[in-house]
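Okay, so here's the structure we're looking at.
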Amino acid sequence: MGENEERYACEAFSSNWVSTVGPNLRAFEEDFSRLVGQPAVCLASGTAAIHLGLQLMSVGPGDEVFCSTLTFAASANPVRYLGATPVFIDSNYATWNMDPGCLEEGLRDRAAKGRLPKAVVVVDLYGQVADMDPILEICGRYGVPVLEDAAEALGATYKGRSAGTFGQISVFSFNGNKIITTAGGGMMVSPDPALVEKARFLATQARDPGIAYEHSVIGYNYRMSNVLAGIGRGQLEVLNLRVMQRRANFTHYKTAFANVRGLEPMPDASYGEPNNWLSCFLIDETKFGCNRDQLIGFLDAEGIETRPVWKPMHLQQVYQEYPTFGGKVAEELFKRGICLPSSSSLTKAELDRVVDRILAAPQQFRHEVPCHA
Ligand SMILES: Cc1ncc(COP(=O)(O)O)c(C=O)c1O
């Protein structure tokens, strides 16, 4: 937390605006809107934002929705909430994000079958924006709208423009692990104010205007509370600092591992500035001396928590039956990828300790090389 989160949240208490209406909600939406340059609506989570976004794109039973395969499950789950079918698209090594070539192959295939997807969910992985120019060009050519899942990418840019402004609808998450948090929450933005208004309506139980409780469509209880919006207001004030801290973490690791064979950082795509939400590396076992899982286990025993890169959706038990274009790149990134400690509050001493333990890891596994003498 920064300095003002508690003050704004306390104002919600002292004014009794603790629920889903109030001045913090208005102010958080206005501040956020000013930051990204599009109208915004505060929601209960990033997942809720994707759900409403896809519904506003008229996704329904029988439709297909393309989605990056290398992501967290919440990018794809709302496709199923709506009874539609996800079709997964592989990443490329240059960005770890959706591969435009693979996307094009998928759209060409579906166009030939006369059955284009209703939407494409493009994820900005680990705080790096996907290569939006070719992706938007291809989707535009086929007339398929993009929902940008910028849950992990607030504060990143693509060719100078903010992450989460490239979709017909874009979404952000303020989950506890994100670069800024409201404990739990999300935001939907769109260049089209009417879509944002519709989302606000659906998120507050779709109550028709007037004092009577009348409903002409089915809504959701997806609005953020005024208390949490207060936290969000304060967090937005420290966003730039958080981005600097996350970038500093990644730079620290990259500098420390510059001459280490088999430990390769997630590439910084030349087209933009990532927020480096998580510091990710790829391990080449033969060069480094141990594999990703051995390293995770070793660090865990040292009290250092790390995680594998997201398990691709097309490998998940719940999604393995669904169509996928490509998949091998995401599979390799998953198999070899590790997310290192990335908190904004890490000290230099803590980062140094992580580096020291990572460098010590391969020695622990040398004796495991089978000896046939
Ligand atoms: C890529 C991605 N999409 C969607 C979400 C869902 O956001 P939330 O946890 O706010 O529902 C997350 C994170 O949780 C995420 O990492």
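The values are calculated or read from the model by the stated rules, or taken from the named source; none is laboratory data. Bear in mind the structure is a predicted one, so any value in this text is a computation, not a measurement. Please note: Cβ atoms are built from the backbone with ideal geometry, for glycine as well, and neighbour counts cover all protein chains shown.
Every residue, every condition in (1) farther than 30 Å from LYS328 by Cβ; (2) hydrophobic (A, V, I, L, M, F, W, C); (3) out of contact with any strand residue (DSSP E or B) (no Cβ under 7 Å at 6 or more places or on another chain); (4) at pLDDT below 95, yes or no:
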| site | (1), (2), (3), (4) |
| --- | --- |
| VAL121 | no, yes, no, no |
| GLY127 | no, no, yes, no |
| CYS139 | no, yes, no, no |
| ALA150 | no, yes, no, no |
| TYR158 | no, no, no, no |
| ALA163 | no, yes, no, no |
| ALA194 | yes, yes, yes, no |
State whether one or more residues within region 287-297 are closer than 21 Å to MET98 by Cβ, among the basic types (Lys, Arg) and buried (at least 16 other Cβ atoms within 10 Å of the Cβ). no
State whether one or more residues within region 218-230 are within 24 Å of SER344 (Cα to Cα) and either in a loop (DSSP other than H, G, I, E, B) or touching a Ser or Thr at 6+ places or on another chain (Cβ under 8 Å) (or both). yes
Restricting attention to region 145-192, which residues are surrounded by fewer than 22 Cβ atoms within 10 Å (Cβ to Cβ) and more than 24 Å from PHE28 (Cα to Cα)? PRO145, LYS159
Does ILE89 fit the bill of being under 23 Å from ARG242 (Cβ atoms), over 12 Å from the mean Cα position of the chain (by Cα) and within 16 Å of the ligand (Cβ to nearest atom)? no
I'm told ASP133 meets every condition in (1) within 30 Å of ALA112 (Cα to Cα); (2) surrounded by 15 or more Cβ atoms within 10 Å (Cβ to Cβ); (3) more than 16 Å from the ligand (Cβ to nearest atom) except one. Can you identify the failing condition by its number? (2)
Matching entry among LEU52, LEU35 (being over 27 Å from PRO117 (Cα atoms) and either within 16 Å of the ligand (Cβ to nearest atom) or part of a helix (DSSP H, G or I) (or both)): LEU35
Could you give me the residue pairs with C-beta distances under 7 Å whose first residue belongs to region 161-174 and is assigned by TED's automatic domain parsing to the domain that holds CYS139, whose second residue is assigned to a strand (DSSP E or B) and of a type in the set (S, T, N, Q) wherever it lies, and which are 6+ apart or on separate chains? ALA163/THR157; GLY164/SER170
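Matching residues to (1) surrounded by fewer than 18 Cβ atoms within 10 Å (Cβ to Cβ); (2) under 22 Å from GLU264 (Cα atoms); (3) in contact with a Lys or Arg (Cβ under 9 Å, 6 or more places away or on another chain); (4) of a type in the set (A, V, I, L, M):
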{"site": "LEU299", "(1), (2), (3), (4)": "no, yes, yes, yes"}
{"site": "GLU305", "(1), (2), (3), (4)": "yes, yes, no, no"}
{"site": "HIS314", "(1), (2), (3), (4)": "no, no, no, no"}
{"site": "GLN317", "(1), (2), (3), (4)": "yes, no, no, no"}
{"site": "GLN320", "(1), (2), (3), (4)": "yes, no, no, no"}
{"site": "GLU332", "(1), (2), (3), (4)": "yes, yes, no, no"}
{"site": "SER344", "(1), (2), (3), (4)": "yes, yes, yes, no"}
{"site": "THR347", "(1), (2), (3), (4)": "yes, no, no, no"}
{"site": "ASP356", "(1), (2), (3), (4)": "yes, yes, no, no"}
Could you check region 136-157 and list, in sequence order, the residues that are within 16 Å of the ligand (Cβ to nearest atom) and in contact (Cβ under 8 Å) with a residue 60 or more places away in the chain? LEU147, ASP149, ALA151, GLU152, ALA153, LEU154, GLY155, ALA156
Just the residues that are more than 9 Å from the ligand (Cβ to nearest atom) and not aliphatic (A, V, I, L, M), please, taken from region 38-49. GLN38, PRO39, CYS42
Among (1) charged (D, E, K, R); (2) surrounded by fewer than 17 Cβ atoms within 10 Å (Cβ to Cβ); (3) assigned to a strand (DSSP E or B) - the single one GLU264 does not satisfy: (2)
